[in-house]
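Just so it is clear, none of the values below were taken in a lab; they were calculated from the coordinates. Fair warning: this is a prediction, and the values are worked out from it, not measured in the lab. Don't worry about glycine lacking a Cβ; one is built from the backbone with ideal geometry, like all the others, and counts go over all protein chains shown.
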Ligand SMILES: Cc1cc2nc3c(=O)[nH]c(=O)nc-3n(C[C@H](O)[C@H](O)[C@H](O)COP(=O)(O)OP(=O)(O)OC[C@H]3O[C@@H](n4cnc5c(N)ncnc54)[C@H](O)[C@@H]3O)c2cc1C
């Protein structure tokens, strides 16, 4: 790791210009600062800069260019692939930039990139407002938004990007730009689903909506009923109103019982919600019914316990336009053969407002109603816990889904899976994204992401 060390005089020059924190391999906080959510990721950057403000981001971008350093961008640190940290390069860490400003009249939020979803929702809910976010509070707002943002309100309010009004962004050449439907609209289009390919977003402006108590939670059934529950889930989601988003999961309960659950959220009038969820409650003989009126903040922060940082994770994902009987058979076969009680197969229903936007209207191409299937292998411990068996399970499950899957895959659920899968993620928008990359990042300075490779003559970022 020391072979990457930068000369002290160079570091001093950088530190003199920063308001944030510079962390080197020999500093006491380095060990914690280089860690990300996925315990499988174990990388040693030459330098970590915890930026305090936009000026720090600009300074760090210029420094990284001058020093020809590989650049990783980190906000919430929750990427599945571990792309927010690198070996030997520089981590531009925005996790301390947590400013947020709500305009209750316009129902908008200006939010800095270092906020987690829980922090963002806490601030917006103080005004009785919210927008679509992911389902787990500790996830970073930035990475989630830039990939699209699937969540409990997507049926009613669309994806997170469908509620994005503008971004403040630092480009590869150190310019600070605002992008929106009217300013740099081409860039704004690309940022909405194109990941961190075009610059470092320092702040987002969102449209919010009035959201009070929601009806949400899960109903758990015995795993022996998995087939019937999934067939029921298919019919139930086919007719779900926009207010109702439902996921199914094959997992093991905290008590150690393999089970299948339907997790749902109704964001509308509670009385209407009670009618909408009653078929789930009445179906079969549930082991437990945990659907209750609750706050949105509680719903997403309670989910944190199920995905703690530091655990080892490996994930594969597929997109199915429908859940055929054969697909259900495959899900049941692999969902009941997990190699770890912490693993699960999760089925997310994408519908309503999220599916009514055209595939080229934003850079997020996977529009249309669909089921996003995630095979999440999770386990505690190192080599002794035989990671390969858990990884092999997720891969086998994914292969079994392939005959039923479309070519598309949600960019935020991709691991390090190669160029073909990256192209599949951007789908019909890939060529337009390449043109945008040529325009805003022709040297591929921002390469650690689900990378859109520029086709202009490229200057390779090199490792120091
Ligand atoms: C427990 C868990 C639950 C999840 N649930 C959902 C969910 O419900 N819905 C959903 O849609 N997704 C979900 N995801 C996936 C999630 O959207 C991605 O993992 C996302 O990348 C996390 O964002 P982050 O800021 O924490 O990521 P980081 O690891 O910090 O960053 C990941 C990548 O995003 C880019 N990036 C990050 N910050 C910036 C920035 N400021 N500017 C430019 N680029 C940047 C970079 O390319 C970086 O490599 C979940 C992930 C986890 C681990």
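A few remarks follow.
- Gain in span if fully extended, residue 183 to residue 22, counting 0.36 nm per residue against the direct Cα distance: 54.7 nm
- Tail fraction, Cα-Cα pairs, region 263-325, threshold 15 Å, whole percent: 69 percent
- Compactness check for region 71-210: Cα Rg over 2.2 N^0.38 Å is 0.98.
- Cα gyration tensor category, rounded, prolate or oblate, for region 280-376 with a/c compared to 1.5: rounded
- Over region 111-184, volume per residue of the alpha carbon convex hull, in Å³: 101 Å³
- Spatial separation of Cα centroids for region 311-376 and region 276-303, in angstrom: 20 Å
- Residue order for 456, 40, 375, fewest other beta carbons within 10 angstrom first, comes to 456, 40, 375.
- Extension gain (nm, one decimal) between residue 7 and residue 388, 0.36 nm per residue minus Cα-Cα: 133.2 nm
- Sorted ascending by nearby beta carbons within 10 Å, beginning with the fewest, 388, 209, 349, 17 become 388, 17, 209, 349.
- Relative contact order of the chain, taken over Cα pairs closer than 8 Å and 6 or more residues apart, is 16 percent.
- Quotient of C-alpha Rg and 2.2 N^0.38 Å, computed over the chain: 0.96
- Of 275, 338, the sequence from fewest to most neighbouring Cβ atoms within 10 angstrom is 275, 338.
- Cα centroid separation - region 51-76 against region 91-141, whole Å: 22 Å
- Calculated over region 28-90: convex hull of Cα atoms, volume per residue (Å³): 84 Å³
- Spin-label pair residue 417/residue 333, simplified geometry with 7 Å Cα→Cβ offset, distance in nm: 2.0 nm
- From the largest down, region 195-248 spans 48, 31, 20 angstrom on the principal axes of its Cα atoms.
- Value of D in µm² per second that Stokes-Einstein yields for region 224-273, Kirkwood Rh from Cα pairs, at 37 °C (0.692 mPa s): 272 µm²/s
- Label zone at residue 305 (point 7 Å along Cα-to-Cβ), backbone N below 18 Å, region 108-137: 118, 135-137
- Cα gyration tensor shape for region 51-127, rounded if a/c is under 1.5, else prolate or oblate: oblate
- Gyration tensor verdict on region 217-368 (Cα atoms; rounded if a/c is under 1.5, prolate if a/b is larger than b/c, oblate otherwise): rounded
- Whole-number percent relative contact order across region 358-464, with pairs defined as alpha carbons under 8 Å at least 6 apart: 24 percent
- Computed over region 170-222, the percent of Cα pairs more than 14 Å apart is 66.
- Extension gain, residue 407 back to residue 105 (0.36 nm per residue minus Cα-Cα distance, nm): 104.5 nm
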